Structures are given as structure tokens and as C-alpha cells.
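Notes to accompany the following structure.
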Amino acid sequence: MTALTAEWTAGLYLLAAVCFILALKGLSSPRTARRGNLIGAAGAVIAVATVFLSVRLDNLPWIIAAILVGSAIAAPVSRRVKMTQMPQLVALFNGVGGGAAAIVAILELAHAESPWSGLAIAFTILIGAVSFAGSAVTFAKLQELISTRPLIFPGQRWVMILVLAGAVTSGGFVVATGSLLPALLLLGLGLLSGLLLVLPVGGADVPIVISLLNAFTGLAVAASGLVLGNVLLLVAGTLVGASGTILTRAMAAAMGRSVSGIIFGAFKGGSTAGSTMISERPVRSVSAEDVAILLGYAQRVVVVPGYGLAVAQAQHTMAELATVLGEKGIEVVFGIHPVAGRMPGHMNVLLAEANVSYEVLREMDEVNPQFKTTDVVLVVGANDVVNPAAKTSPGSPIYGMPILNVSEARQVVFLKRSMRPGFAGIENELLYESQTTLLFGDAKESLTRILGAVKAL
């Protein structure tokens, strides 16, 4: 006997589904993102509580133990993770979701009652395994446990084709026989497919692949909803799959590339990863006091934040500098590239953490026409998103990617640790232009010195 009737269960599932939809809507804007997150969490609580109250659970102690162990791991990890490590955490969470869906599908194999159920199980095992293995590789690349450059070997394309053919064949046996052995073989081939799919991806393409794998996990969860006969899993998985697909296409468009080119480009030598060699050409370096003078006598300043700002945890110092300049009558805005950082919205979240007003955040299409009338552009930790090679060098791996046109400003100041290339692994010719100067050092320390010099003007 369960505590909830079928009608109450359906109503609570509907309420949870509405919460998930409202959460996605809220997350579409920085202004409503926090509220959207809370609504989504409330929907998840409603969904879990409904399961406990509507289903007869035979292994309740094990279920509760698993929840406690997972919570004990997740709570401290989520609180301690740095903003620079957030993409890695997203990749891990995504992979766990795909792996869980695959395991559930294998456990439900014995209860398959029709070929359609077997097909849903085979699909869930394959896609869940691909998502798990692929997400593990993206985590390793972003954490720099393995090279961020494409990892390829001779004949990799044919190996990939053979593995996929084997996976399809194994899936056919799963549907036809419902046996455990072909299901386990399908799981192994799915894991291998995930590795072979993501290892050749390099450079700035990795965050886009995370989004694509997120869509894969959504599809696996939706299919597991069919396997378990759970409408809420079907709805939630479909939402994740659809939103992940839309986000992947949007990010690929922001990179000026196709999704197929990102995934399969390395097989043809087209992945976003270039030479990591550093040029010995001279650049113009300046002191913090020189930068302060440029900023202090400007009328309009555009700040372009990047991953280096997150690494240095310099967002609060940057926000204070913008406030001080604003008090001196200088217009300061932030130019945000869609793929700045390591994940969509990375810079928005970082600046929101420092209480930077949404009113001074400018998207790429809005800020680009304004660079011609900008006195100083302060590039803090960004490189690839302002690299003119995307427009001028057809042979460049980022050629065709829309960029922030900072080269059109009167003065460009880069805050960099060194001359090391950006995540895409290619040099930025803008560093050697006459209007460009560089301030070397940790971004937080450099901004602190600039802030002190601006206050002294």
C-alpha cells in the first residue's frame, strides 16, 4: 500500500515538470538565474518525494544509504569547487547521469516485455555509456590531466566505424534475446565509443562537447523513462536533451563552426588546436601606473574578461576598479563573448559574484559596433575571443569564429601572465600591433596595482 493515489502521483509529477520548465526559463537570463535554480531544486525535491510516497520500495535501507553517501560527497565538493573548476564539475555531474541511466537500463533488462522495451534499453545503455566516457575525457582535458590537444592515431576513423558497427550489432542482440552478455558488450562498446569520440577534440571545442554530451545524457534519461514507465523521467530527459542541443548549436555558431566539424574535425585535421610555440617577436610592456593613466584620462573603457580573470579570482578587484572609474565620470562596460571562459555564462556568473551590475554587461553583437569609439580596451585573461586570426587567417584553426573587435579601439591593454597562447593554442597577432600594450603578472595583483594608481590620480 502506497501513501499516494495514482491521481496525486500524476499531479505531483506534473508540478515537478512545470518547475523544471520554469527553471530552464529562469536560467536563460542572469537576472532570474538564481530564482530559476531554486525552482529547479524544488522540482527535484518534489519528484524524489513523490517516488518515495508512490512506489513500494523493497530496498529502502540501501536507497537511503546511497542518498546519504552521495550527499556526503556532493555537498562539500559543490561548496569548495572554484569558479575555474565549474566546467569540470558540470562534466562530472553529466557523466554520472549518463552512467546511472545505463546501469538502470541493464538492471531492467530482465523485465523487458516487448521488442520496443528492448530497443529503449539498448539505446539507453549505448547513449548513457557514451556520455559517461566522453564526459570523463572532457573532465580530464579541462583539468589538464591529459593534453587538451587532439589525441589521434592512424586508422582511428576506421576503428570508430568498427566500434559503432559492433555497438549496433550488440544492440540488435539485446533487442532480440534480452540477454545480459550482449548488454554488457554494448556497455563496453559504448564506453569505447565515448573515448574515441572525445579524445580527438581539442582546444576551445571541449566546452561545446560538454554541452553535446549533456544532450546525450538527456536522451538517455528520457529513454530510461520509457524503460521504467516513468513520465517525469521522460519529460525531464527530453527537456535536458532539447536544451542541451539548442545550447550546443548556439555555442557552435558563436565559434563560427558546425557541430559535425567540431566532433569529426580532428579526423581531418580541423579541430580547434594550434601550435603552442611562443614567438620571440618583441611586444610593448607597460607598468600598472601607465595603465592607470590611460584609464584615468579615457572617456569610455571596455573590459573584456576571460578565463585568466577566473583563475586569478580577480573579479572583485575588477569590479572595484570599474566603480572607481565610474565615479570619475568614465563610462565602463564589460564586453562578454558567448564562449569566454570554459562554459556558457562563465563570465556572467563570475561578475555577478562580484556584484557587477547587469546593466554594464554587453553581449558581443551589442558591444562590437562601439569599439571604434572606445578609448581603452582592458583585456583581462582573454585571448582567443579577441584574436584577429579568426577573421584574417584562413589557415587558423579558429578561422570563422566571431570575435570581439577590440583591435578597432584606440588603445588595447592585455593583462597576461606570459606570452603563452590561449586555450586554442595559437598566437594572437593583436599582441604585436602598435596600439597594444601588455602588463605581465597575476591578474589580481596587476589590477590591485592599477586600482591604487587610479585612486592616486
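Taken together, the values in this text are just the output of simple stated rules run on the coordinates, not laboratory data. As the structure is a computational prediction, the values presented were derived from the model and not from experiment. Here Cβ is always computed from backbone atoms with ideal geometry, including for glycine, and neighbour counts include all displayed protein chains.
The table below gives the values:
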item: Mean Cβ neighbour count within 10 Å, used as a protection proxy, ranking 108-119, 443-454 highest first; result: 443-454, 108-119
item: Given charges at Cβ of Lys, Arg, Asp, Glu: the chain dipole, positive-most of SER434, ALA176, ASN405; result: SER434
item: Pairs from LYS141/LYS416; LYS82/LYS444; LYS25/LYS372; LYS391/LYS416 whose Cα-Cα separation, in the structure shown, is over 27 Å; result: LYS25/LYS372
item: Relative contact order of the range 81-268, pairs being alpha-carbon contacts under 8 Å that are 6 or more residues apart, as %; result: 27
item: Relative exposure of VAL48, VAL96, judged by other C-beta atoms within 10 Å (fewest first); result: VAL48, VAL96
item: Anisotropy class of the range 408-457 from Cα gyration tensor, a/c 1.5 cut; result: oblate
item: Net charge of neighbours whose Cβ lies under 14 Å from the Cβ of SER393, counting Lys and Arg as +1 and Asp and Glu as -1; result: -2
item: Kyte-Doolittle at least 0.0, axis length at least 15 Å by Cα - qualifying DSSP helices, the chain; result: 6-26, 33-54, 60-80, 86-107, 115-142, 156-177, 180-198, 206-228, 231-254, 315-327, 443-456
item: Highest average packing first - 384-393, 242-251, Cβ atoms within 10 Å; result: 384-393, 242-251
item: Shape category assigned to the range 288-456 from the gyration tensor of Cα positions, a/c cut at 1.5; result: rounded
item: DSSP-defined beta bridges in the chain - what % are antiparallel, rounded to 5; result: 0
item: Calculated FRET value between GLU433 and ILE73, using beta carbons and R₀ = 51 Å, to 0.05; result: 0.55
item: Mean Cβ neighbour count within 10 Å, used as a protection proxy, ranking 234-241, 368-375 highest first; result: 234-241, 368-375
item: 222 nm mean residue ellipticity, helices alone, for the chain (DSSP H n ≥ 4; -39,500 (n - 2.57); rounded to 500); result: -19000 deg cm²/dmol
